[in-house]
Amino acid sequence: MKMIVIADDFTGANDTGVQLAKKGARTDVLLNDRQPAPRRGDVLVINTESRALPAAEAARKVNDALRPYCGGEQPPRVYKKIDSTFRGNVGAEIAAAMQASGARLAIVAAAIPAAGRVTRDGACWVHGVPLLETEFASDPKTPIVSSQINTLISRQTDIAIDQLDLATVRGAALDERLAQLARQGGIVVADAELDSDLALLAQSIGRLATPVLLVGAAGLANALPSAWYLSERQRLPVLVVAGSMSEATRRQITFAEQEKSLGIIDIDVRALLSAQGAQACEEIAQQAATILQAHRHCVLRTCRDGDARRQVEQLCAELDVSRQQLGDRISQSLGEMTLDIINRTRIGGLFLTGGDIAIAVARALGAEGYRINGEVAPCVPCGTFINSEIDDLPVITKAGGFGGETTLRDALYFIEEMYSGK
């Protein structure tokens, strides 16, 4: 994730998010600040639903929403989406976003020229009418008391507020002025009457040496350089969980190994189910994560050759379990192991062979169902787990004995192609 947008209502979250999505960004909007974030997005938009709340509560919600994402070495850019007519807790939420993100400077550019909303001399105008003289001034929930933006913001924060007039925004000294403001810190209200004004402002912000808090509506979002929020697309590796003992599955793995960059981990089922099973799982998960982080497909294989089939009876006797109970324990361990691996690294999809394994992985990932999108090979579907830990990553399932020799290789190509051209 390269950018996080904090909005104070749902429609505002969407009208700003779409400006980024239409340029190719995978943009996910959360309906509230308690939902877990999807794993694969470029832009995360969180609706705090705080426009009509008391200012202190609105600030707390913004702070709570941002905190989990603002640590680390490369935190995402933060965009505080506000209403273009300044309804709501604009001052309190800007201050909270600055504190949570660590930004010393916030640049406020709320104009949407295409919608007739501009900033001139630090005031908000709507279709040529000062904001205080429009219907927004008498909003039943969040009435407006001034057309001057600094007045509206300063009602809820004591952070110093400066201004960029149109001459500065359009002039040669914009970079120098922004750099000066960045050094001193505070909030800056920027004039903008045209989309080109917002573009000039965004370009200049991008040349600053220090990150700033972006504050605006759909207009500024549309002006942002796509490199700020578009992640470089790459073909991510596939995790293959092969719990089937069928000869067909073994042949498919052998064939794929000849053509694809595969890392195969042969699982010692006896060790997996022993008293040291947790340690065995940890070692396998770490091995798999290392392979996947090197952008190689990874195969977890429980049956390397025909001897494994012949050892089933012996293992059942040792553990005093039936074949069904043995299969259930193996499947459950593999399901939990798959979740552990996914939590350690990024994958491009799952290939699950063996019915018991597929359902165990689905359960471990919290899936509520399987949405079929297509067919990779006869009787080999590709789809997604519904409401699972892996969002909408492709998942291919295959009965153990199904498919020809090339099935696994073809499935890996199929998932790789899904990442091409994005």
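Observations on the structure shown:
- Taking other residues whose beta carbon is less than 13 angstrom from the beta carbon of residue 276, and scoring Lys, Arg as +1 and Asp, Glu as -1, yields -2.
- Fraction of antiparallel bridges per DSSP, segment 238-419 only, in percent to nearest 5: 35 percent
- Each Cα pair under 8 Å and six or more residues apart adds its sequence gap; the mean of these over the residue count of the chain is a relative contact order of 14 percent.
- Of all DSSP beta bridges in the chain, antiparallel share, percent nearest 5: 30 percent
- Compactness of segment 311-404, taken as the C-alpha radius of gyration over 2.2 N^0.38 Å, stands at 1.18.
- For segment 157-245, the per residue solvent-accessible surface stands at 41 Å², with DNA, RNA and ligands left out and a 1.4 Å probe.
- Å² of accessible area per residue within segment 1-122, as computed with a 1.4 Å probe and no ligands counted: 39 Å²
- Here segment 190-301 yields Rg over Rh of 1.33, to two decimals, using C-alpha coordinates and the Kirkwood radius.
- Selection from 79, 229, 148, by position along the positive dipole direction of the chain (Cβ): 229
- Per-selection Kirkwood Rh - segment 238-419 (Cα, Å, 1 d.p.): 16.3 Å
- Pairs of lysine residues in the chain that meet both criteria, 8 or more places apart or on different chains and Cα atoms under 21 Å apart, total 17.
- Taking the convex hull of the alpha carbon positions in segment 112-222 and averaging its projected area over all directions gives 7.1 nm².
- Here's the picture: charge each Lys and Arg Cβ at +1 and each Asp and Glu Cβ at -1 in segment 377-422, and of 377, 395, 418 the one pushed furthest to the positive end of that dipole is 377.
- On the basis of the beta-carbon distance and an R0 of 25 Å, residue 158 and residue 137 show a calculated FRET efficiency of 0.55.
- Result for the chain in a Gaussian network model with C-alpha springs under 10 Å: among 96, 358, 294, the largest mean-square fluctuation is at 294.
- Listed residues 206, 7, 30: farthest to the positive end of the dipole of the chain (Cβ charges): 206
- Percentage of interatomic Cα-Cα distances in segment 1-41 larger than 17 Å: 25 percent
- Accessible surface of the chain, 1.4 Å probe, proportion on carbon and sulfur as whole %: 48 percent
- Descending principal axes extents, segment 3-228, alpha-carbon based, whole Å: 42, 42, 34
- Given +1 at the Cβ of Lys and Arg, -1 at the Cβ of Asp and Glu and no other charges, the dipole of the chain around its Cα centre is 360 debye to the nearest 20.
- Burial ranking of peptide ranges 165-172, 31-38, 98-105, 124-131 (average Cβ count within 10 Å, highest at the top): 98-105, 124-131, 165-172, 31-38
- Using alpha carbons only: equivalent-ellipsoid semi-axes of segment 41-118, gyration tensor based, whole Å: 21, 16, 12
- Segment 327-422 - percent relative contact order, Cα under 8 Å, separation 6 or more: 27 percent
- Length, then width, then depth: along the principal axes, the Cα atoms of the chain run 83, 39, 37 Å.
The values are calculated or read from the model by the stated rules, or taken from the named source; none is laboratory data. Just so you know, these numbers come straight off a predicted model, no measurement behind them. For neighbour counting, all protein chains shown are included, and Cβ atoms are generated from backbone atoms with ideal geometry for every residue, glycine included. For the accessible areas, the whole protein counts, side chains as well, though only heavy atoms, and no ligand, DNA or RNA atoms are used. Shrake-Rupley method; radii C 1.70, N 1.55, O 1.52, S 1.80 Å.
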